[in-house]
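A.B. asks: Sending over a structure as structure tokens; questions will come in a sec.
Taken together, the values in this text are just the output of simple stated rules run on the coordinates, not laboratory data. Quick caveat: nothing in here was measured; it's all calculated off a predicted structure. For neighbour counting, all protein chains shown are included, and Cβ atoms are generated from backbone atoms with ideal geometry for every residue, glycine included.
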Amino acid sequence: MSAEFISRIIGMILAAIGGCFLGLHIAGQLGGSPYQYAAIFLLIGALVGLVLTPYVTVRPFVALRKRIRQAPAHQLLAATLGLVIGLIVAALLAFPLSLLPPPFSQILPFVAAVLFGGLGIMVMIIRQRDIFNAVRGRLPGRSEGLEEKGNGRKPVLLDTSVIIDGRIADISRTGFIEGEMLVPRFVLNELQHIADSPDALRRNRGRRGLDMLRRLQSESTTPVRITDMDIEGVHEVDDKLVLLAKKLRCPIVTNDYNLNRVAELQGVRVLNINELANAVKAVFLPGESLTVKIIQEGKEAGQGVGYLDDGTMVVVEDGEPYINRKVEVVVTKVLQTAAGRMLFARLTR
């Protein structure tokens with residue numbers, strides 16, 4: 001049985017009992033039949049309790065639990081501090097308010113507690129960054145660290161593709177990524193699902209991703225954290241990542257072309273490992289010479305194809321006879337594509 005069903009039954013019983021006593025009280029006031037009034041209000045109370053109980057018990061609790069799970073830890077801390085400060089202010093005002101004539105002496109202290117508690121939560125959540133920075137800036141030895149955090153060291157979200165790829169582990173060890181790397185629980189679950197796949201290729205990719213995640217946690221110079229923050233009501237992992245990145249105002253690290261475009265369309269910054277790899281490849285200009293090993297024939301007649309150490313494809317004109325041999329070539333054309341950089345070259349005469 002669900003918690004909502006149990007709450008409906010309990011609410012129906014309690015409301016029916018309350019309705020019965022209310023009917024007896026009204027019968028005593030009006031002078032009617034107590035059994036008739038008791039039966040009528042018992043049925044009304046049972047119906048009201050059956051229908052409304054989940055809306056005032058279980059459902060608010062479930063909604064609150066979802067909000068707490070989704071909220072960052074610093075936001076929860078700010079809300080708690082705001083509530084405590086607001087209640088302290090209300091407690092200080094309770095004594096002078098209790099000296100007022102009734103009914104103000106009974107009502108106003110409660111109103112003050114609700115008002116200042118809510119106001120404290122609202123102010124702390126809205127101004128949490130400024131307040132925390134002001135407090136930390138006054139602590140000895142914390143000013144320098146605070147300035148560093150204020151220089152844009154935001155966390156980054158890792159998606160499934162970039163973890164499986166593995167190059168993020170090498171990049172993180174170089175210190176290029178300064179912010180904390182967050183791996184949402186739903187990304188970890190997707191990795192585990194891929195690792196349990198009956199397909200051998202997908203299973204190997206999933207296991208590689210889990211191994212790379214362990215390597216990240218042990219070797220990275222920046223902290224790597226598994227976060228339970230989630231987006232309720234959304235089932236696709238990519239959609240969850242984009243919405244979570246918008247909520248946290250942080251970039252996504254990915255190799256996925258489609259996720260890259262979707263995130264950019266929604267105003268989310270993306271760090272694409274493939275774009276980074278292309279940016280740091282050696283630059284060759286037409287007329288420069290290089291050595292390449294031709295390993296296969298090209299699409300056109302007589303062409304040979306080889307690859308540089310960084311994976312750049314080199315198409316060599318009249319290179320087919322030199323397959324499995326290293327040759328000196330001269331670059332004739334450089335072509336930049338979505339998949340990377342491609343060089344066209346001819347043999348050195």
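A.B. asks: Using only alpha carbon positions, build the gyration tensor of the chain, then give the equivalent ellipsoid semi-axes as the square roots of 5 times its eigenvalues, largest first, whole angstrom. List each step's numbers first, then the result.
C.D. replies: Numbers: eigenvalues 885, 164, 44 Å².
Taking √(5λ) for each Cα gyration eigenvalue gives 67, 29, 15 Å.
A.B. asks: Let me make sure I get this right: for region 188-239, a, b and c are the square roots of the gyration tensor eigenvalues over alpha carbons, sorted descending. Under 1.5 in a/c it's rounded, otherwise prolate if a/b > b/c, else oblate. Which is it? Could you put the intermediate results ahead of the total?
C.D. replies: Values: a/c = 3.09, a/b = 1.03, b/c = 3.00.
It is oblate, given that a/c is not under 1.5 and a/b is not larger than b/c.
A.B. asks: Which order do peptides 293-303, 210-220, 13-23 fall in by mean Cβ count within 10 Å, highest first?
C.D. replies: Packing proxy ranking, top to bottom: 13-23, 210-220, 293-303.
A.B. asks: How high is the relative contact order of region 1-94, in percent, with contacts defined as C-alpha pairs under 8 Å that are six or more residues apart? Mind showing how you got there, number by number?
C.D. replies: Details: 80 pairs, mean separation 28.5, N = 94.
Value for region 1-94: 30 percent.
A.B. asks: If you take all C-alpha pairs in region 1-127, what percent of them are over 22 Å apart?
C.D. replies: Working: 4998 of 8001 pairs.
The share of Cα pairs beyond 22 Å in region 1-127 comes to 62 percent.
A.B. asks: Taking 1 over the mean of 1/r across every pair of different Cα atoms in region 215-311, what Kirkwood radius in Å do you get? Could you put the intermediate results ahead of the total?
C.D. replies: Details: mean 1/r = 0.0575 Å⁻¹.
Taking the inverse mean of 1/r over all distinct Cα pairs, region 215-311 comes out at 17.4 Å.
A.B. asks: I'd like the Karplus ³J(HN,Hα) series for region 99-105: coefficients 6.51, -1.76, 1.60, θ = phi - 60°, whole numbers in Hz, and an x wherever there's a Gly or Pro.
C.D. replies: Running phi through 6.51 cos²θ - 1.76 cosθ + 1.60 with θ = phi - 60° gives 7, 6, x, x, x, 5, 5 Hz.
A.B. asks: Calculate one ³J(HN,Hα) per residue across region 235-248 by plugging θ = phi - 60° into the Karplus curve 6.51 cos²θ - 1.76 cosθ + 1.60, and present them in order as whole Hz with x for glycine and proline.
C.D. replies: Computed from phi, the couplings for region 235-248 are 9, 6, 5, 4, 5, 4, 4, 5, 5, 5, 5, 5, 5, 8 Hz.
A.B. asks: Going Cα to Cα from LYS66, which lysines come in below 19 Å? Please leave out same-chain ones fewer than 8 positions away.
C.D. replies: LYS240, LYS246, LYS247
A.B. asks: Which one, PRO321, PRO251, PRO72, has the greatest fluctuation when you compute a Gaussian network model over the chain with C-alpha springs under 10 angstrom?
C.D. replies: Result: PRO321 has the largest fluctuation of those listed.
A.B. asks: Another question about this same structure. Given the options LYS154, LYS333, LYS240, which has the most mean-square fluctuation in a GNM of the chain, springs set between C-alpha atoms less than 10 angstrom apart?
C.D. replies: LYS333
A.B. asks: For region 126-131, take each phi angle, set θ = phi - 60°, evaluate the Karplus expression 6.51 cos²θ - 1.76 cosθ + 1.60, and give the result in whole Hz per residue in order, putting x for glycine and proline.
C.D. replies: Couplings: 5, 10, 4, 4, 5, 5 Hz.
A.B. asks: Tell me, HIS74, HIS235 in order of fewest to most beta-carbon neighbours within 10 Å?
C.D. replies: Values: HIS74 12, HIS235 8.
Fewest to most other Cβ atoms nearby, the residues stand as HIS235, HIS74.
A.B. asks: Which of the lysines could a cross-linker bridge to LYS293, judged by Cα under 30 Å and excluding same-chain residues fewer than eight apart?
C.D. replies: Within reach: LYS281, LYS326, LYS333.
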